[in-house]
Every structure is written in structure tokens, then in C-alpha cells.
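A short worksheet on the structure shown next.
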Number of protein chains: 4
Amino acid sequence: MKSGKRLNVGMIGHGFMGRAHSNAFHQVGHFFESSYELKLKVICGRNQAQLKSTAAQWGWEEIASDWEALVERKDVDVIDICTPNYLHAPIAIAAAEAGKIVLCEKPLAMSVEESERMAKAAKNVPTLVWFNYRRVHAIALCKKLVDEGKLGEIYHYRATYLQSWGAEPASTDAWRFKPSEAGSGAMGDLLSHSIDLALMLNGAVDEVSALVQTFAPGREVDDAVLVLTRFANGSVGSFEATRYAIGCRNRNYFEIHGARGAIRFNLEDLNRLNVFDAADAAEVQGGHDVLVTGPGHPYTSHFWPPGHILGYEHTFILTMADFLESLEKDETFHASFQDAVHVQRVLYAVEESARTKSWTSPAMQFANS
Amino acid sequence: MKSGKRLNVGMIGHGFMGRAHSNAFHQVGHFFESSYELKLKVICGRNQAQLKSTAAQWGWEEIASDWEALVERKDVDVIDICTPNYLHAPIAIAAAEAGKIVLCEKPLAMSVEESERMAKAAKNVPTLVWFNYRRVHAIALCKKLVDEGKLGEIYHYRATYLQSWGAEPASTDAWRFKPSEAGSGAMGDLLSHSIDLALMLNGAVDEVSALVQTFAPGREVDDAVLVLTRFANGSVGSFEATRYAIGCRNRNYFEIHGARGAIRFNLEDLNRLNVFDAADAAEVQGGHDVLVTGPGHPYTSHFWPPGHILGYEHTFILTMADFLESLEKDETFHASFQDAVHVQRVLYAVEESARTKSWTSPAMQFANS
Amino acid sequence: MKSGKRLNVGMIGHGFMGRAHSNAFHQVGHFFESSYELKLKVICGRNQAQLKSTAAQWGWEEIASDWEALVERKDVDVIDICTPNYLHAPIAIAAAEAGKIVLCEKPLAMSVEESERMAKAAKNVPTLVWFNYRRVHAIALCKKLVDEGKLGEIYHYRATYLQSWGAEPASTDAWRFKPSEAGSGAMGDLLSHSIDLALMLNGAVDEVSALVQTFAPGREVDDAVLVLTRFANGSVGSFEATRYAIGCRNRNYFEIHGARGAIRFNLEDLNRLNVFDAADAAEVQGGHDVLVTGPGHPYTSHFWPPGHILGYEHTFILTMADFLESLEKDETFHASFQDAVHVQRVLYAVEESARTKSWTSPAMQFANS
Amino acid sequence: MKSGKRLNVGMIGHGFMGRAHSNAFHQVGHFFESSYELKLKVICGRNQAQLKSTAAQWGWEEIASDWEALVERKDVDVIDICTPNYLHAPIAIAAAEAGKIVLCEKPLAMSVEESERMAKAAKNVPTLVWFNYRRVHAIALCKKLVDEGKLGEIYHYRATYLQSWGAEPASTDAWRFKPSEAGSGAMGDLLSHSIDLALMLNGAVDEVSALVQTFAPGREVDDAVLVLTRFANGSVGSFEATRYAIGCRNRNYFEIHGARGAIRFNLEDLNRLNVFDAADAAEVQGGHDVLVTGPGHPYTSHFWPPGHILGYEHTFILTMADFLESLEKDETFHASFQDAVHVQRVLYAVEESARTKSWTSPAMQFANS
């Protein structure tokens, strides 16, 4: 790896996300030039045997078990949080107060209030929330097309995030069903991704009507959540996130219809974007099946020649690449803690709407914030 | 055509649906055996020049301009209504009271009350509502699989009916934008189809939350309607119907997820059904792309060998074939006027929910009916 | 039906194709204006019981058993041949010599020589060969785009016609496996269609190298045929026709790549054409998924509004519509007998190439013709 | 990285493949347990500036310019060759004679004779040829299904490898158009992959008929090659490889039809396999769209949970993982140099067939070898 300004990373948590982040820290320097060099310094967790094994496999220099000590270490520049959700706030706040750069998995917090405290504590340090799907190269292309007005005025935004494992959970998913550790079910896990993308692509949400459903007897978190929305830009939309969509592993899907075009995307086919252009000659109008691997596509020139596809893990590498660039340029990275506060507000409005069975406005509730 | 018991048809209206019905009356005898023979006796409408031309092209024996006289004619057995929506009730009631078999385009009525009067007037005559998509051969296969329990307990029902012509209406569509003639926009035109299919496939709707949207300035009917639903069987669902989905011509789409499988269907690809079977070996699980042209598929043996696809118009032919069979067997045909009353109730609940911004139950409102 | 110049049709044969033609004769007047009116006058065949039933179902006025008498009848204007292949030549020649308009199923003949005698005999009467796929509306769009140069210079033409029923033939297919009645297997049945389309879309074939394969023990016709080609326009191509492609019912598929674009088509999805346009902006390049139902598409305005799909049977209706128009304009219809002679020459070159295991040129062999 | 038996790698060449291999050497230890640990020791090439940059980015310890010295170094255990094709043989033979483990890009050699000399020289050292597509997880699943007889007797094997950059080559591709450096065009570059997969999946090729085409004026290597084949198992097949398929970036596609099922694969969608199972109930028969990301799929448990897709680069990681496992078990790895000799024989037969315009048998030509 090139010599550059070294950033020592301390990562707390070592599950699925711990592996995805470790990989990103390793890989970003292989595909992107940066004046920063990431060092996998300390990995911290409770299961020491597993921690040792992960550290060995991914090249973490040290292991640790006490996150409170870790966030104070002078030789650590970056704290990366991939613990269960209930630990995000205490760790992030402590790390921010210790002046660290703070990276945190999504959903950022267990409540709006918690997220606001986190954002406030971190207002002087660089922050990153791992809404990694913002960096899917096809979604980056989508963002570009929307921002350039290629779709014209937006009429419809429609998102579904469909998984099936809620019907047959593996034991490693246990914490995800505990309200005290996860906060919610499909809502924080899946809907948060869809809301973050919608806010990025289509702007603020004015009001929502929602229903929340738990299918598994005795389960205390939601298995599914469905939402109607009015957006501030005048478009209308719907969202659905579920862990009970038999047949779907990871179908994070959205469609946007505007006056001049339309777009469809499916995470299970993440190298493609379907783009309809109303300016095409009538006889050949139809969604373009765009293989987003270049030339002319966001990010792709950093990897392989056109036609060679990328995978899930690249979304984390790209998130880190953009984050390092934002550090270099001293610019605010998105999604920041503050961006994630907006997601939390929408999620809370969704919960409130489902609880009260009434339309609820994320903005109104936080008029004083 | 074979000799059989002749049924003289009088059709009122002669637009797009008039042509689709004329075709069905002609074609049903070519592909299905029946003891009934349909005779295209009288076509009735206001534009005499166009009426003559249509009569000549489709072989209607006579033309007429007075529907009130027509429904009283002794030599007419069947009245088929394909006028703008506001005329459905007066014609249907008069025809039923004259003892005619009554066929009527959808949506059946301008209001629940109107539809109930129609159903009451017609309770002693055979009725048919042209919810033709029930007879898409792929949807018939879907119905069979659902009824046989191949999907197990249903968790999710998700339907979108996406068209785009609302953004660029043709002049021939004028009546469809007048509240006094159409009653509603996408709601009666498109959502009615989706609701009818949902009631057929997934049963009663317990409650809805909806939003209605008009994009075109000054337009008095809805361009789009979005709905969340709870079904009586415990599943949750969503519906969307719009005439502003740029890029979509006639995308009547639905997905169903159950404990044992899932199904996807798109009217623009109506010879196919996508079927996921959770009982498949894990390594080859994935939606089956079923080309529903036989062997072993509903209806298809009446037409061409396996692999030869059917079109939109066949849904009308099949509707008529099943209707004639119901006459022969003296059984109730579905969708009957009574079935359509249920659709009207759901549509009304959707309107009420959108107006009052609250969850609304179709059943509660009609407790006394 | 409108009054016009009546053409009395005598049809010989009454199987699958007899039904498809009967339907076309009935339907063409419903969807197309013409000064000709077709009358289903006589249907001729050997199985009188079945003939009666077909006549009753499709409205043929008379039945007959002697084709030699039929072709001489003064009150018959058109002879339509849908018998097994070995009867095409004697019937067509007799009918042509009797001055009839002659329509004939494909493949036209059992040999090049036979087809040439047929073309010669019919040189003064209008002829039609039922290469119905020329009139698939999506293929008509393809032809338009190719002819307008939208694909630029053509580099590649690749066609496969995949069916599976050869592995499990039904008893009604018996004649299709007899060399004396069918002449060949997949070659005449399927490859003939692909060759006809290629000649229409991409022009003359210079030379071929082929292999022929029979999988079923004891079967005397080919189950599969594979061909490499050089076209006169400098492009290279391949063809495959098989009745042993398990999983494929009627996958008549082709792809064309040119300097400026590319096209893909699949008969099992015949309302769509996939069109790649190299002039699209790089970032949104990708095959357009064109739903060929209008607006602006060939033929479709005669049927239903955009978004309402057509089926297999419409290809026969459209063939007949264009044929009647060619009669009105006194123009040569394509595919004529002469066009089919070219197909036969390519098929013969394919057979010869497979037999001699050498490259064979269709043109060279017929230098004197 | 875990401590294990260290293998020092010396890589010669540093282009596209050099990056792909570097990545694989880095990543294999992150996802797979092995008693071997790879060390990126020396990278060797001619452009020292670029070499330095690559070494820095990928963490190669040293750079070198003299491959002849490199292959003799005592502290190097593995030689990895990703030079232009004409250098494969001299380097591989020298490395093998020096007792090194030898890894080599495909096509292995410029001729059959060269490949045989390489295989002979390397007969006592472990070898690997980078036919990386063998390790696409979906192709590994395909291999498993074929080997278990899930497709039954094979009838058809059909492969096309379609790219378009031959029509607009980038300057970095210059060597790929020089006969002296590349040996051939699409043939060695693309067809070699398709042939290798076919030999792995469907066994030996008995004979071929081929055509070779160059579209670009003055170009000395082939732009396209088309082949018919008879396989030793009785199936028939076709191959096409081209760099002139406008619209296709990297469409390495194949279809297999057997008595009991069928399979389709497309490299541009490499996480999916389409599997038709003739044992499915007739009414739901249709290609299964299998998202090959687990559970129960080859390799996938080493990476991310089901539903999270892999990319192009993982094929190299998996190749290396299997190779290290073969070292541990002291088993022969495939594709070995010997396997690649078979590919060369088929390629040579293809060239010969195209040159002589006659069917050519790979086996016959090498009866004495």
C-alpha cells in the first residue's frame, strides 16, 4: 500500500458487517488513490475466540474487549461501529467526544432523540453512516440522471425491500429480533435503507400513512412495514419492507416515474439500471437495460473494464473511497449522522402513523428541533 | 357456426370495448363448444355514421339509437353495456327488469348505492361484469395454485396498475376525465380491475388507507390512487393505480407471497406466470418462468399447441366461453353484478379513506346491506 | 362483413394450420378495410367426420373430399393448401393451372426442383406462402429498422428455433416424422422459417456448412440441424433448429448485430423487440425493451390501443391483410412461391453440406436456373 | 493474515490481469482458510514507472524487469504469468524447469506444440491456467447439476461469447491485435474460455467445422469465429466468439439441453443460473431463475449471506482458493497445463477447419501425442 497519512481504525463488532467493513478498509487503497492510508489497528468485541479468528483472517493488529477504553486510545483515529443497534449511541457519542472520526452502521439509532444526540455530539468530527447502497454504481448513475433532470418532474416513487429469512431465522440473527437490541425489525433493518435512498433521490417526505405487521407468533419486532407517502416535491410514493417475502433474498427494489422518463433498480441485479427515456423515438421507446460497468458510469473505471460486474462488497469500498475523498477535500460526507437523523424522523413518523392509524408528518413533529 | 340455442345480442356502445366484445361474440364459437349460439343482432349508439361502419365491419345485423326501446325488444336476449359509466345503471336496471341477460363493462357503477340497485334489479337474471382479466390464462393458473394451497398461508399481496396516457390523453378519451360520465379516473378504470383480482385471489378486504392524486391541472378525476390494505385472511397488501407512470402502457402487475411459495404476474407479458415453489431443492430454488400455453394449463387447449401465445382479446373470448357454460349448467357466473358490488364497496372505502385521511373498512360501512 | 368483391376460398387440409387459416379468413375483415371479402366456401379432407365438425365450428359452407375436383370448381377463387408437405406440389400446380389464387403452407416443397415447378406453374397467378412470422408486428418493426439503416452495416446474424416436442411426440404429429410425407424434420418445419426471415432481413446466403442430427432411434427425419453461413452482405451467421431443446416450446429467436445497433427477438415473447442503439448517450446505452403495441408500430393500430398484446394467430390475420392489399394494388406479395424457392435452395444447400461434410453454396448449384 | 506456509509469488506482467491476480492473492486469505499464505513478493515488467505505481497500490514488495532472473530466484515459490501470449511458453518452461509452481493466463500457448512442450516441462510441478470462469459460482452449480445427471443425456450445447470492443479498440489493447504477440484474436481471447467450459461440462469434442472472420480492414487477427461441433457424448453444439457484437460488453453465454432438463448462463449476470427441470409438475414447468448466492450453492458461504451478489473478481479468488486446497491435498488442480493442451487442440482444429473449409477432428490430428 502506498505511504500516506495513516488513519488507525478501531472497529467495534465483528459479525457480517464487521467482515464487510474489514474488506472495505483493505480494498479501498487497491482501487483508489488517496493521501490517506487505513490501518486495521484494533478489533473489539465480546467473544474473544471469534475475535482472534477474525483478527487473524483480516489482519487486524490487535484485539480488545473494552470499547470504552478503545474510544479513548490516542493511537486510534477512526471508530467504526458495527454492533447491535442499541450500542450505537453510547459508543458514537463517546468516540465523537474523544474527537474520533466516527463511522456507524445503520440504522443510526434506536430513536429520533438518540440520533439527534449523536449528531449533536459529533457535529465537529467527520461522520459516516453505512448507508452503503448510496454507492451502488447503478444507483449513483440514477442519482446523476435524476439530478440532471433527465426524468423531469417526478410523479411516482415506489420502493420495496423484500427478504424472506424472517420466516426461517438463523440463530446468528437472534439480536435482530430483540426490541431492546435492535429497536425494530424490518423497519430499521430494511426500510431505513429505502428511506435513505428516497431522501437522496427524491427529497423530503411530507407525510406518511403506515401499517406494521408481525407474522411470527410471539415476535416483538415488526416483520413487515408498508407506507404511503407524499413527498415535498409533489410526487406520491409507497414503501414496503418485509422479511416474509418468500422467494426474495435481498430484493431492494425501486421505481421512479417522472415527466420525461423512468428508472427501475433491483439490488439482486445491482450492475444494471433500467432507464426509460421519453425522448427516444416513439417506435423504439422502452426501458434501456443498462449494464452499469462503464464506459461513462460512476466509479466503474476504478475497477475492471466495461462488462465485468461488481458485487455487494464494492458498495462498502466505494463508501470508504468517497469518505476518504471528503476528508481530503474537507467536505461533508453523505450520509452523515445528520442525514441519518432525517431517516430516523421518517421512521418515527412511520411508527407513529401505524400506532395511531393516522397520517403523520415527519416535519411537524420536529418543528422545535 | 354450429346450430344451437340462439342468443340475440343487443350491444349499447361501440368504442374500444364495443370492438373487444364484438370480437368475443364472434370468436367464442370458433374455439368452444356450446349449445348456445350468439347472434350479433343490434348495435346501439349515438353516432350513426360510426355505428354503421362498426356494424358493417363486425357483422351486426341492425343498428339502433334508442337504448330504451332496445332493452324492451322481444327478439333480443342479451343486453351488453359498453357505454360510459354513468349509463351503466339505468340501462342495466331497465334491461334486467325486461328479463334480459345483462352484461356490463366495469366499473359496474358510479356508486355503491347504484351498484346495489343494479344487483337487486338483476337478481333473477344472469349477469356478467367484464372483469376480463379473471380469464387471463396465467391468472387462471394463479387462481388454481392459490386455491390448491400451493402458496400456503398468504402473507403479502401487492398490486400496481401502471399506465401513462393520463399525461398525454387522446381526444377519444374525453369522457374518461369527466366526473359526471366516468365517476372517477384511475380508480374506476384501473384500480377496479386490481381490486376484483385481489378479491378473487386473496379474499375480503378488512380495511384500507388511501391517497388520491391528480397531477393534471384542472382535471377533476384522479390520476393516481395508492392504497394500503389489511385482508381478512391476515395478509397485508398494497395497491397502486396510475395513469402517470411514464414508460408503462398497461402494466397490470401483482405479486403474492405465501408460506410455501410466491407468484408474480404482468399483463404486458400475459402468457407468463412466475411461480416460486419453496419445496424445490434449495440449490435450484428460484421463480419458475412458466410459459402458460399448455400443456396442463387452464383454457389453452382450446386454442393453439403449447408455445403459441394468446393476446389481450382472448380474455374476452374466455369470459364469454365461461359465461355460456354457466348458462348451460345454470350456475352463477363470476364476476356477477353481486361480485362487482363488493368491488364498489372497496373503491368507496378507498375514496372515503383518501377524503377523510383515515383507515376505512368496506365491511363496516355496509353492515345493514 | 362489408360487401366487396367476394373471394371464395377452398381449403385443403384441416389440422392445426387449417384452424389458424380459418381464423385468419374470418378475422381479417374485422380489423382491416378491403374491397375483397373472403368467403369460407369449401373445406376439403379425408376424415369426413372431423371435417364436418371443423366446418361447423368455423363456418365453412361445404365439405369435400376430392381436391382434384375442388381445384377445378368455377365457384372457387382461392385454393389454400395446408396438407402434409408431399401434397403441396400436385395441388398447387393443379390449382395454378386452373387459374386460382394459391396459398400454401411452408415449407413450400419437398425439393428445390418441385418448388421451381410450382413457381413456374404459378407465375401468372397471385401466390402466398404462409411464412407467417414475417408479419409478427415486432419483426415488421425489425425489418423497418434494418431497412432504414438503423443497425448500419450488419456483422452478425444468429438464429435458433428451439422446440422440445420431438422428444415426446403426440400421435397427431405422425406425418411429420415420415420422410415421404414431410420431406424432412426440423429442417422444413422450423429452419425454413428462420431462413425465410434471414433472407428477408439480411439478404442472400453465399455458402453454408451444416450438420444434421437425429436423436430418436429409428427416426428417419432430422431432429436438429445446425448451420454456419456467410451472407452476401459480408456478415456471418449461424442457424439452429431443433425439436430436442428440452424446456423450449416455440423459441424462434434471432439476434442481429450491426455497426450502429443490434436487435433481439423471441417468438415466445412476440410483442417485444429488444433494440440496442449505439447512438444513445454512453451512460444509458442498453437494449431497449420495446413493447411493440403502438404507438408508431407496424400493424398495431388495427387492433387495440397501445399496451394490449397480440397473439400467435394475428400473424396469420396480418399475412392475409397484406395479401388482400397486394391484390388490390396488383402488386407482388411476399413471401411468394418465388421467395420460397430461395428458401428451398438454402435448405437444399444445408442438406447437401451436411451430407457431404463440406461448405456448399446455394447460388452455385442453381447457376442455370 | 494467518501465519501458514508462506508462498512467495513472482508475477510477470501488470496489466488488467495483473490487477485481477494481485487482488486474488490478497483476498483469498480473507475468505478461505488455508495452511498456505501467499506473499506478493516481486512484480516484473518492462514499464518501470507503471510497475512502481502498481507495486505501491497492490503491496508488491519488490519490482523487477528481468523475468529470466526472476524465475531462478530461490526466494520465489510461484511464478504467475500474465504477459502477452507469446511469452507464456518461454517463461513457463523456464519457471517449471526451475521447479516453480507455475500459474499462467489463457490461452496457454500460441500453438498446440508450444502448449505440449509447456505441459511436458511442467509435468512435475503444480500448474494452473487462469480459466477463471470455471469458478463462477453459478457455473460450479451448473457443473454439479450436470455431473449428478440432473440434465440427463445431453443433446445440445450452445455457447456464444459476445463482445463489441473490437469495433472500437482502446490503445491499451494494441498487443491483442498483433499475431506475433497474441497469436489470434477472438479465438484465443474468448473462444478459449468457451471451449474450456465446454470440455469441463460436456466432455471431448470429436470434430468441428468453423469459419473465421476479420471485419476491420488490415487487421491480422480474427474478429469473430463460429464453430459447429460434434461431442464425444453424442451431443451437437455450436460456438461463436466475436469482438464485433455491438451492444454486448462481455456476454459469455451458454445453454445446455438434456433429456431431463436445461441450463442457461450469462456472464453479465453471473450470480444467476437458469435451470429447467423436466421433473417439475407440468403446470409449473419453466426455467428457474436461481440467484446463486446460497444457501446450498458452491463457494457462496465463504463470502456474504444469501442474496448478496459477487462480482467478476471473485472468480480469480475462487480459482486461487481451490488451487491452494489442491496443494494441501496434493491433488491435481484443474485447469492444469494438461487441460489447457486440450483447449489448444480444439482451437487448432477450429483454425484448421476454417483454413481448409472442412470438418476437422482434434483427436485425429494428435493420435501420436
homo-copy label distances at A:Ala232 (7 angstrom along Cα-Cβ), nm, one dp, ascending, are 4.4, 6.6, 7.0
Classify the stretch D:70-200: rounded, prolate or oblate, from the alpha-carbon gyration tensor (a ≥ b ≥ c, eigenvalue square roots; a/c under 1.5 rounded; otherwise prolate if a/b is larger than b/c)?
-> oblate
Give the cross-link partners of D:Lys52 among the lysines, using a straight C-alpha distance below 24 Å as the criterion and excluding same-chain residues fewer than 8 apart.
-> A:Lys2, A:Lys5, A:Lys39, D:Lys39, D:Lys41, D:Lys74
Calculated from backbone phi, Karplus (6.51, -1.76, 1.60) coupling profile of the stretch A:164-173 in Hz, x at Gly/Pro = 10, 6, x, 7, 8, x, 7, 5, 5, 8
Local net charge near C:Glu325, Cβ-Cβ under 11 Å (Lys/Arg +1, Asp/Glu -1) = -4
Other protein chain Cβ atoms within 10 Å, averaged over every residue that makes up D:155-162 | 5
Distances in nm between the label point of B:Asn124 (7 Å along Cα→Cβ) and its equivalents in the other copies, shortest first, are 7.0, 8.9, 10.6
Rotation relating C and D, chain D residue nearest the axis via C-beta, angstrom | D:Ser209, 2
Cβ neighbours within 10 Å from other chains - mean over D:353-359 | 2
Which trypsin sites (Lys or Arg not before Pro) does the stretch D:45-107 hold that lie in a coil by DSSP with at most 15 other beta carbons within 10 Å?
-> D:Arg46, D:Lys74
Please report B:Thr54, C:Thr229, C:Thr315 as a ranked list, fewest other C-beta atoms within 10 angstrom at the top and most at the bottom.
-> B:Thr54, C:Thr315, C:Thr229
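Net charge near A:Phe177: determine it from the other residues with C-beta under 13 Å of the C-beta of A:Phe177, scoring Lys and Arg +1 and Asp and Glu -1. Display every interim value, and only then the final one.
Details: positive: A:Arg176, A:Lys178, A:Arg219, A:Arg243; negative: A:Glu168, A:Asp173, A:Glu181, A:Asp189, A:Glu220, A:Asp222, A:Asp223.
Overall, the nearby charge balance is -3.
Once the convex hull of the C-alpha atoms of the stretch C:177-320 is built, how many Å³ does it hold per residue, rounded to a whole number?
Numbers: hull volume 22.3 nm³, N = 144.
Per residue, the Cα convex hull of the stretch C:177-320 comes to 155 Å³.
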From the phi of every residue in the stretch A:256-265, what ³J(HN,Hα) in whole Hz does the Karplus formula 6.51 cos²θ - 1.76 cosθ + 1.60 yield, where θ is phi - 60° and glycine or proline is x?
-> 10, 10, x, 5, 10, x, 8, 9, 10, 8
Quick P(r) readout (the stretch B:67-121; Cα-Cα; 5 Å bins; whole %) gives 4, 24, 35, 23, 11, 3, 0
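May I ask you to derive the relative contact order of the stretch C:225-369, considering only C-alpha pairs under 8 Å and at least 6 residues apart, and to give it as an integer percent?
Working: 137 pairs, mean separation 14.3, N = 145.
Relative contact order of the stretch C:225-369: 10 percent.
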Fewest-first sequence of B:Leu201, D:Leu191, D:Leu51 by Cβ atoms within 10 Å of each Cβ = D:Leu51, B:Leu201, D:Leu191
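Over chain A, what is the relative contact order in whole percent, taking alpha-carbon pairs under 8 Å and six or more residues apart?
Numbers: 781 pairs, mean separation 69.2, N = 369.
Normalised by residue count, the contact order of chain A is 19 percent.
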Hey, what D do you get for the stretch A:144-199 in µm²/s if you plug the Kirkwood alpha-carbon radius into Stokes-Einstein at 25 °C and 0.890 mPa s?
-> 178 µm²/s
7 Å along Cα→Cβ, label-point gaps from C:Lys329 to other copies, nm, shortest first = 5.0, 5.9, 6.9
Efficiency by 1/(1 + (r/R0)^6): what FRET value for D:Glu62 and C:Ala282, r their Cβ-Cβ distance, R0 = 41 Å, to the nearest 0.05?
-> 0.55
Distance in nm between C:Glu328 and B:Lys5 label points, each 7 Å along Cα→Cβ, equals 4.2 nm
Of C:Glu181, A:Glu113, how do they rank once you tally other Cβ atoms within 10 Å and put the fewest first?
-> A:Glu113, C:Glu181
Long-range amide H partners of C:Gly287 with built H, under 5 Å = A:Asp289
Compute the distance in nm between two label points, each set 7 Å from the Cα along the Cα-to-Cβ direction, one at A:Ser111 and one at A:Thr214.
-> 1.9 nm
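Consider all pairwise Cα distances in chain C and report the whole-number % of them above 31 Å. Before the final figure, lay out the partial values.
Values: 24003 of 67896 pairs.
The calculated P(r) of chain C puts 35 percent of pairs beyond 31 Å.
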Pop out the ³J(HN,Hα) list for the stretch D:290-304 in order, Karplus 6.51 cos²θ - 1.76 cosθ + 1.60 with θ = phi - 60°, rounded to Hz; leave Gly and Pro as x.
-> 8, 7, 7, 10, x, x, x, 10, x, 6, 5, 5, 6, 10, 10
Cβ neighbours within 10 Å from other chains - mean over A:9-16 = 0
Would you compute, for the Cα atoms of the stretch B:19-146, the largest minus smallest coordinate along each principal axis and list the three values in descending order, in whole Å?
-> 47, 38, 27
The stretch A:7-73, relative contact order in percent, only Cα pairs under 8 angstrom and at least six apart counted | 35 percent
Of all the C-alpha pairs in the stretch A:94-154, what % are more than 20 Å from each other?
-> 46 percent
Assuming a ≥ b ≥ c are the square roots of the Cα gyration tensor eigenvalues, decide whether the stretch B:305-349 counts as rounded (a/c under 1.5), prolate (otherwise, with a/b larger than b/c) or oblate.
-> oblate
Under 12 Å from the Cα of D:Lys357, which aspartates and glutamates turn up, not counting those fewer than eight places away in the same chain?
-> C:Glu207
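List the trypsin sites (Lys or Arg not before Pro) within the stretch B:111-181 that fall in a DSSP loop (any state other than H, G, I, E or B) and whose Cβ has at most 16 other Cβ atoms within 10 Å.
Values: sites: B:Arg117, B:Lys120, B:Lys123, B:Arg134, B:Arg135, B:Lys143, B:Lys144, B:Lys150, B:Arg158, B:Arg176; in loops: B:Lys123, B:Lys150.
In loop regions of the stretch B:111-181 (DSSP not H, G, I, E or B), the sparsely surrounded trypsin sites (Lys or Arg not before Pro) are B:Lys123.
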So how many Å³ per residue does the convex hull of the Cα atoms of the protein assembly as shown work out to?
-> 167 Å³
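Bear in mind that the values in this text are calculations on the coordinates, not laboratory data. Keep in mind it's a predicted model, so treat the numbers as computed, not measured. Cβ sites come from the backbone with ideal geometry, for glycine too, and all protein chains shown count toward neighbours.
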